[in-house]
Amino acid sequence: MRFSMLSQNFRELWKEWELRVLVLLSLFLQLTLATQGFRRKSLYKYWIRVVVWTTYLSADSVATLTLGVISNRLANIKEVQGTIDARSQITAFWAPFLLLHLGGPDAITAYALEDNELWLRQLARLCVQVGLACYIYFMALSGSTLSILAAGVILVGFIKYAERTLCLYLASEGRLRDSMLSLPDFGPIYPRIMEQYTLKKEEGYRVSIDEVVEVPAPEDLSVNGSQVGSEEKAMTLAKAYELFKIFKLLFVGLILNFGDLETSKRMFTNAAMTSETAFGIVEIELGFMYDLLYTKALLLNRVWGIIRYVINLSVPSAVLVFFSLQDRKEYPKVDVCIVFLLISAAILLEIYSVLLAISSDWVDHWRLQRPQRSAISSAVAFLHICPKQRWSNSVAQFSLLRFSIRKRNRIFSKYPALAKFNEKLEKNFCINYKEFKNNIKDWIFRHMTKTIKKLERENKLKGGLTSLKLEVNEVLMKSNQSHLDWSVKDMDFDQSILIWHIATELCHHKDLVEREGKGSEDVTNFKMSKLVSRYMLYLLVLYPSMLPTGIGVLRYEDTSVDARKFFEDKLAVLSKKETSIMNWAQTLFRKDKHAHASGHNCKKAHKSAESHDLCEACHLLLQVGTQLPSMKIRGGKSRSVLFDACRLAFQLNNSELANFSIKWELISKVWAKFLIYAACKSKGSEHSESLSRGGELLSHVWLLMGHLGIADPVQTSEAQCITKLILN
């Protein structure tokens with residue numbers, strides 16, 4: 001009986017507060033989406049992506065559900081009472097704000113590229129939801145004191161919702177490609193030329209053909225000195241904007257103009273071009289592309305943007321003023337407070353949107369076109385208060401050996417259907433990030449320019465990097481290490497990545513102490529080899545579609561299982577009582593930070609238990625005999641390359657490469673070739689997708705290689721020729 005009464009009371013309480021809770025939830029989701037949706041552009045953290053994804057999917061559903069509840073409740077009241085009372089009118093006044101919520105923040109229109117392709121579905125929703133809001137308006141608010149205020153909010157909501165739908169359409173793949181296509185040029189009319197040729201021949205003239213090649217004048221990508229002087233940031237922004245207008249074609253698979261590509265190559269191969277400036281230009285270009293694909297920037301960076309900001313700020317402000325002056329005695333205080341909260345939030349979100357727009361590169365470029373001391377330009381500069389970060393500025397790191405010795409969280413072990421989900425979670429928790437510092441930029445840019453010069457000498461620049469095997473073999477031959485070519489020859493790209501990754505980890509562990517006292521260049525090669533190795537494995541495991549096609553994920557899974565089994569078997573022999581690698585290693589770690597169960601002692605104490613375990617794992621692998629190739633012994637039963645990597649590590653450590661400088665120079669060159677080759681063979685659509693999760697180093701390398709003319713999608717239209725008939 002008591003339970004029945006409690007249930008009845010709860011139902012009555014929910015009936016009274018249902019609409020209020022839903023409206024407040026919709027508002028909360030909008031505030032979260034507006035703030036976190038903008039941050040995902042520059043943050044790599046996994047929880048940000050989860051929050052934005054959840055909020056993006058929930059926001060529309062909650063707003064749509066609330067509109068349906070309002071219309072249903074008002075229809076019932078109208079049917080029973082024949083009129084809408086004041087208490088119901090104030091709830092009907094919430095409907096226009098829900099339409100405003102459906103328009104979404106300016107900072108995020110799409111979560112992924114696939115959302116842009118669903119613009120037609122969004123258009124249908126726009127028609128339905130605007131129709132529902134108008135239905136509520138005419139049913140409950142027409143002729144009331146709130147009618148004019150509600151009409152104003154409906155106007156603002158319709159503008160925002162229509163903008164969102166239009167931006168999705170403009171960013172869809174087909175429409176985006178069509179917008180970048182130039183008008184077709186058919187050239188000279190062949191039949192007409194042939195008629196003239198035949199006619200002149202019949203008249204007795206000796207007719208010959210001459211070709212005049214049109215050479216486009218170099219495009220000036222500099223900044224007007226009278227406007228902003230010679231400031232380096234302004235120059236970089238101006239160049240990036242001009243290059244973006246040209247190279248955005250690569251993201252949709254279109255070809256470039258011959259003259260544009262030559263201009264770009266001259267700029268980036270200029271001796272004055274530094275790595276910091278080159279990557280800075282690419283960073284701005286990718287930021288522009290992100291705004292084009294995932295925000296309302298395409299519409300707002302025009303005259304329309306100023307008009308809509310004026311409307312979207314003035315209308316809610318006027319509504320706030322007039323609602324404050326109205327007699328509100330007939331309305332419940334809670335509902336009045338919710339209305340004030342909705343209006344205030346709408347104004348604050350619009351102000352936040354304006355500040356974000358003012359702080360963007362689009363507005364900064366607009367300022368470059370205006371006089372330096374212009375009043376408008378000065379006002380915009382004063383309001384430039386939001387921090388600007390165009391991408392995460394970080395390089396993801398994933399180590400196979402570190403993941404293999406990691407203690408497993410068996411949360412979903414009882415549910416086999418969730419095993420893959422559990423595995424994915426564990427992989428994400430095992431990812432580390434390194435800051436993308438200037439020394440990394442210098443190292444990558446140096447290897448890029450060397451590759452360009454080499455291709456130019458061999459007249460292969462137009463063909464680009466056609467074969468990774470040839471590139472790496474050349475590096476090995478120049479270092480007199482051609483016996484290592486088995487690690488690339490007759491192997492898939494992903495297979496070579498795995499072999500060299502594990503071998504690099506083992507060599508890095510062996511030389512960790514020896515690097516002390518070495519020259520700066522040697523230490524840079526040592527660090528960069530490990531960084532690029534772990535980054536390439538991160539792409540192979542988490543985002544294999546960004547790399548050349550293969551069975552990398554399956555080969556990684558087999559290798560990971562093989563490594564785990566190897567460690568467990570070895571430790572079972574070393575310690576009969578404790579077979580779990582983490583428990584056993586932690587027990588030993590408490591005894592002596594230098595000692596290992598395998599018998600060797602480290603010169604330095606380990607900083608953590610994980611570092612201790614990784615050292616133990618590397619030492620065990622380095623002790624494996626590799627006289628015979630494991631592929632011949634295993635045949636096709638397993639795709640694991642663990643012991644092939646051990647063989648490569650043994651060869652790197654036990655030859656003339658035992659010299660620290662020679663060894664790490666070779667390893668760093670190989671990894672540079674891997675990175676450049678992967679960038680050249682990747683697709684523009686994959687890089688467009690990566691922008692939504694904080695950006696990838698590979699995207700920056702890809703676009704920079706595109707500027708240099710050797711990325712795989714980079715094709716150019718031939719220089720145009722004009723044919724003339726010469727009469728003698």
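Between C386 and T35, the simple label model (points 7 Å from Cα in the Cβ direction) yields a spacing of 1.4 nm.
Rounded to the nearest 0.05, the FRET efficiency derived from the C-beta distance between I148 and I551 at R0 = 60 Å is 0.40.
Here the Karplus curve 6.51 cos²θ - 1.76 cosθ + 1.60, taken at θ = phi - 60°, turns the phi angles of segment 231-243 into couplings of 5, 5, 5, 5, 4, 4, 5, 5, 5, 4, 5, 5, 5 Hz, with x standing for Gly and Pro.
Counting 0.36 nm for each residue step from K489 to L348 and taking away their Cα separation leaves a gain of 44.7 nm.
Using the Karplus curve 6.51 cos²θ - 1.76 cosθ + 1.60 with θ = phi - 60°, work out ³J(HN,Hα) for each residue of segment 156-170 in order, rounded to whole Hz, and write x for Gly and Pro. Running phi through 6.51 cos²θ - 1.76 cosθ + 1.60 with θ = phi - 60° gives 5, x, 5, 4, 5, 5, 5, 4, 4, 5, 5, 5, 4, 5, 5 Hz. Each Lys or Arg adds one and each Asp or Glu takes one away; over the other residues whose Cβ falls under 14 Å from the Cβ of S61, this sums to +1. Couplings 3J(HN,Hα) of segment 102-116, computed from phi: 5, x, x, x, 5, 7, 8, 9, 9, 7, 9, 4, 4, 5, 5 Hz, in residue order, whole Hz [Karplus 6.51 cos²θ - 1.76 cosθ + 1.60, θ = phi - 60°; x for Gly and Pro].
Note on K454: aspartates and glutamates with a C-alpha under 12 Å away, same-chain residues under 8 apart excluded, are E471, E474. In straight-distance terms, cross-link reach from K333 covers every one of the aspartates and glutamates whose alpha-carbon lies under 18 Å from its own, apart from those fewer than eight places away in the same chain; here that gives E16, E18, D85.
FYI, it's all coordinate maths here, none of it is from the lab. Note that the coordinates shown come from a computational prediction; the quantities given were computed from them, not determined experimentally. Using ideal geometry, Cβ is built from the backbone for each residue, glycine included, and neighbour counts are taken over all protein chains shown.
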